[in-house]
Amino acid sequence: MITQIVFYRGGDMNIIKINGNDLLFSDSGQGWFPIEGLRLSVDGVIKENPDLADNSNWRGEAIRRFKEKFKDIPDGEKVAYVIEEMKKFGWSAKTIKKDGFREEAVK
């Protein structure tokens with residue numbers, strides 16, 4: 001089942017689409033890109049993964065680890081996980097839309 005979550009931070013909007021173990025991102029809903037398309041902060045990555053501080057491939061390794069972690073999360077918990085992770089960066093979830101269902105406001 002494909003689920004879309006719409007997030008806002010100030011005047012910015014971000015949409016995350018969860019399709020099984022895959023995440024896609026968009027800031028307009030018109031074009032989607034995978035996690036590899038995100039800008040990652042080296043400081044943020046090292047905060048979450050201190051052992052990558054001296055790794056020249058810190059970005060690739062951080063993405064690989066995230067994908068493995070996300071794959072291990074049970075399907076029923078993936079939406080809550082994404083919402084909590086985005087909340088850490090100041091994004092608040094406003095709506096969730098699951099395929100075949102109406103859009104719902106996040107409580």
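Here are a few things to note about the model shown:
- Qualifying residue in region 61-69 (condition: within 22 Å of Asn14 (Cβ to Cβ) and either loosely packed, with under 14 Cβ neighbours inside 10 Å or in contact with a Cys (Cβ under 7 Å, 6 or more places away or on another chain) (or both)): yes
- Evaluation of Ile83 against (1) touching a Gly at 6+ places or on another chain (Cβ under 9 Å); (2) surrounded by 16 or more Cβ atoms within 10 Å (Cβ to Cβ) (one fails), failing number: (1)
Let's see how each residue does on (1) assigned to a loop (DSSP other than H, G, I, E, B); (2) among the aliphatic types (A, V, I, L, M); (3) more than 14 Å from the chain's Cα centre (by Cα):
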position: Phe25; (1), (2), (3): no, no, no
position: Gly31; (1), (2), (3): yes, no, yes
position: Leu40; (1), (2), (3): yes, yes, no
position: Gly44; (1), (2), (3): no, no, yes
position: Ser56; (1), (2), (3): yes, no, yes
position: Gly60; (1), (2), (3): no, no, yes
position: Lys78; (1), (2), (3): no, no, no
position: Glu84; (1), (2), (3): no, no, no
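- Taken over region 1-47, the criterion of being among the small types (Gly, Ala, Ser), closer than 21 Å to Glu84 by Cβ and surrounded by fewer than 12 Cβ atoms within 10 Å (Cβ to Cβ) is satisfied by Gly10, Gly20, Ser41.
- Residues that are of a type outside the set (Ser, Thr, Tyr) and closer than 15 Å to Glu103 by Cβ within region 1-17 comprise Met1, Ile2, Gln4, Ile5, Val6, Phe7, Met13, Ile15, Ile16, Lys17, listed in sequence order.
Here, each number is a calculation from the coordinates, and none is a lab measurement. For clarity, every value in this text was computed on a predicted model and none was experimentally measured. Cβ sites come from the backbone with ideal geometry, for glycine too, and all protein chains shown count toward neighbours.
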